[in-house]
């Protein structure tokens, strides 16, 4: 082996950088999966759970466009029920605790949605009154 | 060879589109003018190289040794361990193709296997096919192929169609150097006795007589004496250099081609005059009478065997350090191999110019200084009496020789000299000079006579850049610091750019040198009348002093 | 053949993952076993290969000099392209690795024949460099923000990178440019290989396959994020369990597309050490770039230097002594003079001019 010092140093740096997630969290238990607290009042959402888990952001985006651009405030769920398209007043009527519901997964995945750039959480609504 | 060399316009009609057939399915055609002759038996025997025999590249049977496959496999394996360059260059090429159009042989021939990447793949495909599991099993799908006699013939054809100029290596994102791959391939071919005569015979000559041309000691001295006569005739100064003299301060070594052939001899005369002008205490050696090293084009071992003479002779003569003349691959060997192979030269001193006192720290270990470094330092310190107007009839451009450019980085020194010894200096386009310089087309042992078409093709990119400055600036002189260039360029210039001549930098220095006791310099070192040359470029004639006119030097100078 | 085979290979790989997960339900195999095996192969393979390279010697100092040497004090040396110091080499390597300096020099041959005269020019050609550098940096950014699936809490820096990457706040989830650029550049590099006749001629299966593979990875990733939208909470449960080495397949179902994605990534990792992708460590070890150019000033040592048969001066003089004496060249041994000296200045000296007795070692 020639230039062993340099080569091994290089390999160590490479391994350290590329295995960052491993040694950073070595020995730790897998962090608990997020447990968004489900509302006690309602049992069903506007769409089924699998769809809401993967695509709620798309739904909310469509809602916003419909309300703001077309003044269309009524959403017909897949069970035929009508819902008012409003994050604060409708969604958060059931999912009333942002920290215990929204933030659970968003923090887990480091997602920073810009919903609350404009919208208020129910708590903020109360405070402001 | 009875084959007529094609005309320039025939050669120039190059098609750079590859053929439809996959490169693994095509074979080289050994066409006269495009390949080199096989080494003669005696030359291999003379230096104890394997498999000496009489053969010809156009033969069906190359009379390879019985276990030639084993020899090749072992040869590759051994070199993979000895040379990290080889191992890495076999493993990491991504075939991005940046090198493809950088090779002068590809530009001039359009043969896709002259793209550096494919030249390397010729060997890499065998490496994969013979050494890698995937290549052994999947074959072509994994880029591997089997070792056959056809492969050896293909190697011979294409690895003796590479001048090891390293231009491709400049552009490679990983620095893959085709020269390195060609060197390995040639070493392996050499194990089978597949050498070319233009390399093998000079090597044998050099080993036994001290120089490639096989000039014996007395002949070498006689040749120098002819040049001394010429110098006296044209300048009026008689110089008496010494040979094999013990106790000289410096040993001077330059390629033997310059003592023998036009226009190298004029550079050689330049050395003699320059050293006389500054009163240098130096000596020539007939034993180490070769600066070049065709062993470099054979194998590392042969390079070392031939190079050993330089230090050995310096030690025997007891000089302080070595000064080296203008040569390309000689300086690659000196810069990157000599000290490692045959050093340490601890019996020599760190070079100090006896004229200027400048210490050449950059060669503190090799103890060998390049004549251009040495001369540039002399000029910078005003130690030379120069009259650059004596070169006014010349419109000069400079060819960076591959090895001093890409194996050393000597770019400014010769330019500094040229700018001080002549008044009309023009650069060729930037993509063709300095580290981007184009090879002369005849380096690495390819400057033979039987491969003229190949040489003209390889020389085309360089010649085309000369054409560019000829058209724009009326350039009529291509200066260089390489003896192979001087052997190659005259034919290339006559073929591609008639009207442009070739010279060494030191020839121009000597022409501009105002020597003590000189007669009016009506003639240049070539014996050409300066006023005739001035007339050709519409310069007014020089009025020579009355008393000298018609004096003895002029009439006898017809030779 | 090379192209079709490579493309088919990647399609088959995707099909295998779909069949394995959606058909046979082998989520543990594709979600845990194969990724672990691939990562181990990657690290072991790469390390062993680099160590193998390390066992090859660097016998000679062979840097390609791409600038003025350091010689006389009044000539400015190019300390990066012709580095005589370690600092210079570091600078050269820095530019080589991080800016692809050599590739930036690239030119394009412009070969024409006008009136029977060849006209050869080297035009500017920066596309290869541009494609390559965008490709590599976007790959790096993609890798970096994938850390959010492998770390909890997610480092702030990852968020910053992601925010910058999604600067245009286009689409929802907001478009991350790096992934798109990665796929586009892989496409551009592929296009180049296919359309430039000479580049196509030199291309092997092993050149197309990684391109298709990386495009496959990028496209499956983009589909997951923007079109099919998979359950990334469940995915992170899986990837985090892999990161802390306590693998579990989460209960919430994950779309087979995800398994196709990590299967392709696993193939890439496992393929890496045995392929041209080894240019990643290789670029650091190339002797034409990583050596100082001061071999005339400081002796480079060859570990396997061995003595060779040379032709010594004594042998040379032995061969040519008479000729040398006749030509008036000095010699070490002049038999005539020596004989004369031995005779004490006697006249017999001339009688025996040749002395074949002389044997040098």
**Q.** Residue tally, condition modelled with pLDDT of 95 or more and either more than 13 Å from residue B:320 (Cα to Cα) or not assigned by TED's automatic domain parsing to the domain that holds residue B:317 (or both), over region B:337-358
**A.** 11
Q: Give region C:285-304 a look and list any residue that's more than 7 Å from chain B (Cβ to nearest Cβ) and surrounded by fewer than 20 Cβ atoms within 10 Å (Cβ to Cβ), or say none.
A: C:292, C:303
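Consider residue C:19 carefully, then state whether it is over 26 Å from residue C:190 (Cβ atoms), surrounded by fewer than 17 Cβ atoms within 10 Å (Cβ to Cβ) and in contact (Cβ under 8 Å) with a residue 40 or more places away in the chain.
no
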Q: Could you please give the count of residues in region A:94-129 that are without any contact (Cβ under 8 Å) to a residue 24 or more places away in the chain and either under 16 Å from residue A:57 (Cβ atoms) or in a helix (DSSP H, G or I) (or both)?
A: 14
Q: Could you list all residues from region A:19-51 that are more than 7 Å from every other protein chain (Cβ to nearest Cβ) and either surrounded by 14 or more Cβ atoms within 10 Å (Cβ to Cβ) or in contact with a strand residue (DSSP E or B) (Cβ under 9 Å, 6 or more places away or on another chain) (or both)?
A: A:19, A:20, A:36, A:38, A:39, A:45, A:46, A:47, A:51
(Q) Just to check your reading of the model, which residue among B:518, B:546 is over 31 Å from the mean Cα position of the chain (by Cα) and either free of Cβ contacts under 8 Å to residues at least 40 places away in the same chain or within 16 Å of residue B:396 (Cα to Cα) (or both)? (A) B:546
Q) What is the residue count in region C:49-77 for residues that are surrounded by fewer than 21 Cβ atoms within 10 Å (Cβ to Cβ), over 19 Å from residue B:78 (Cα atoms) and more than 7 Å from chain B (Cβ to nearest Cβ)? A) 2
Q. Do we have any residue at all in region B:248-266 that's within 17 Å of residue B:513 (Cβ to Cβ) and free of Cβ contacts under 8 Å to residues at least 24 places away in the same chain?
A. no
Q. Looking at region B:359-391, which of the residues that are more than 14 Å from chain C (Cβ to nearest Cβ), part of a loop (DSSP other than H, G, I, E, B) and in contact with a helix residue (DSSP H, G or I) (Cβ under 7 Å, 6 or more places away or on another chain) is surrounded by the fewest Cβ atoms within 10 Å (Cβ to Cβ)?
A. B:387
Q. Which residues, taken from region C:164-207, are under 23 Å from residue C:231 (Cα atoms) and not in a helix (DSSP H, G or I)?
A. C:166, C:169, C:170, C:171, C:172, C:173, C:174, C:175, C:176
Q. Just wondering, is there one or more residues in region B:32-44 that are more than 9 Å from every other protein chain (Cβ to nearest Cβ), surrounded by fewer than 16 Cβ atoms within 10 Å (Cβ to Cβ) and at pLDDT 95 or above?
A. yes
**Q.** Residues being farther than 16 Å from residue C:233 by Cβ and touching a residue at least 24 places away in the same chain (Cβ under 8 Å) - total across region A:49-80
**A.** 6
Q) Does region A:46-61 contain any residue that is in a loop (DSSP other than H, G, I, E, B) and under 16 Å from the mean Cα position of the chain (by Cα)? A) no
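From the list C:258, C:263, C:269, C:274, exactly one residue is surrounded by fewer than 19 Cβ atoms within 10 Å (Cβ to Cβ) and modelled with pLDDT of 95 or more. Which is it?
Only one candidate qualifies: C:274.
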(Q) Tell me the residue from B:300, B:277 that is surrounded by fewer than 24 Cβ atoms within 10 Å (Cβ to Cβ) and closer than 22 Å to residue B:206 by Cα, please. (A) B:300
Q: Among the residues of region A:1-18, write down those that are crowded, with 16+ Cβ neighbours inside 10 Å and either within 37 Å of the chain's Cα centre (by Cα) or more than 8 Å from chain C (Cβ to nearest Cβ) (or both).
A: A:14
Q: Pull up region B:187-201, narrow it to residues that are part of a helix (DSSP H, G or I) and in contact with a strand residue (DSSP E or B) (Cβ under 9 Å, 6 or more places away or on another chain), then point me to the one that is surrounded by the most Cβ atoms within 10 Å (Cβ to Cβ).
A: B:200
Q) Does region C:85-112 hold any residues that are more than 8 Å from every other protein chain (Cβ to nearest Cβ) and buried (at least 19 other Cβ atoms within 10 Å of the Cβ), and which are they? A) C:88, C:89, C:92, C:101
Q.
Tell me whether region B:111-123 contains one or more residues that are touching a strand residue (DSSP E or B) at 6+ places or on another chain (Cβ under 8 Å) and within 7 Å of chain C (Cβ to nearest Cβ).
A. no
Q. For region B:321-329, does any single residue satisfy the condition of being outside the structural domain of residue B:183 (by TED's automatic domain parsing), assigned to a helix (DSSP H, G or I) and within 30 Å of residue B:158 (Cβ to Cβ)?
A. yes
Q) How about region B:333-350: which of its residues are within 15 Å of residue C:294 (Cβ to Cβ) and more than 7 Å from chain C (Cβ to nearest Cβ)? A) B:334, B:338, B:350
Q.
Against the definition (free of Cβ contacts under 8 Å to residues at least 40 places away in the same chain and within 13 Å of chain A (Cβ to nearest Cβ)), how does residue C:230 come out, yes or no?
A. yes
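Among the residues of region C:30-43, which ones are more than 11 Å from every other protein chain (Cβ to nearest Cβ) and in contact with a helix residue (DSSP H, G or I) (Cβ under 8 Å, 6 or more places away or on another chain)? Please lay out each step first, then the result.
Narrowing region C:30-43 to residues more than 11 Å from every other protein chain (Cβ to nearest Cβ): C:30-38, C:40-41.
Matches in region C:30-43: C:30, C:31, C:32, C:34, C:35, C:36, C:37, C:38, C:41.
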**Q.** Subset tally (residues that are in contact with a helix residue (DSSP H, G or I) (Cβ under 8 Å, 6 or more places away or on another chain), part of a helix (DSSP H, G or I), more than 10 Å from every other protein chain (Cβ to nearest Cβ) and crowded, with 20+ Cβ neighbours inside 10 Å) for region B:153-179
**A.** 5
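Run down C:165, C:207 and say which single residue is at pLDDT below 95 and either touching a helix residue (DSSP H, G or I) at 6+ places or on another chain (Cβ under 9 Å) or outside the structural domain of residue C:225 (by TED's automatic domain parsing) (or both).
Criteria check complete, one pass: C:165.
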Q.
Can you pull out every residue in region C:113-134 that is more than 8 Å from chain B (Cβ to nearest Cβ) and either at pLDDT below 95 or closer than 18 Å to residue C:199 by Cα (or both)?
A. C:114, C:115, C:123, C:124, C:125, C:126, C:127, C:129, C:130, C:131
**Q.** Check on residue B:116, at pLDDT 95 or above, under 26 Å from the mean Cα position of the chain (by Cα) and not assigned by TED's automatic domain parsing to the domain that holds residue B:403
**A.** yes
Q: Please work out if residue B:77 is surrounded by fewer than 22 Cβ atoms within 10 Å (Cβ to Cβ) and at pLDDT below 95.
A: no
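The values are calculated or read from the model by the stated rules, or taken from the named source; none is laboratory data. In this text, all values refer to a predicted model and were calculated from it rather than measured experimentally. Here the Cβ is made from the backbone with ideal geometry for all residues, glycine too, and neighbour counts use every protein chain on show.
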